[in-house]
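Participant: To start, I am sharing the structure in question, which I have written as structure tokens.
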Amino acid sequence: DASKLSPASRDSTAVFTALHGGQGPAPVDVWTDRLREWFAFRLLHPLAAAVARSHTNVMHTLAALGETGVRISPLLETEQGQGGGGGGGAPSDGGIRGGGGR
């Protein structure tokens, strides 16, 4: 009978409730929260930091190539900047300032 194999069947629900006593958060909720925290701190924070400093890497590379008249604005505004930190900080001209043509 396929209904006995269903995770939502009365038997499986009763076994789950008996094992966990219906107290506290379910293990899957705890696991999900921990995964979300890991994802934020191990992946998203380093990625945001790399994006925040990417304009300086581009400017250093341009300077090494002899293009000193070009200024690249940050992709993200920082809390010390104008926007209060969150994004949407790219200027309408693509973030490139100055000349520096050959």
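The values are calculated or read from the model by the stated rules, or taken from the named source; none is laboratory data. For clarity, every value in this text was computed on a predicted model and none was experimentally measured. These area figures cover heavy atoms from the full protein model, side chains too; ligands, DNA and RNA do not enter into them. Shrake-Rupley method; radii C 1.70, N 1.55, O 1.52, S 1.80 Å.
Participant: By accessible area of protein heavy atoms, probe 1.4 Å, what ranking do E77, E67 get, highest first?
Facilitator: E77, E67
Participant: State in Å² the accessible area per residue of region 12-76; use a 1.4 Å probe, count heavy atoms of protein chains only, and round to the nearest integer.
Facilitator: 77
Participant: If you rank R10, R71 by how much accessible surface each has, with a 1.4 Å probe, what is the order from largest down?
Facilitator: R10, R71
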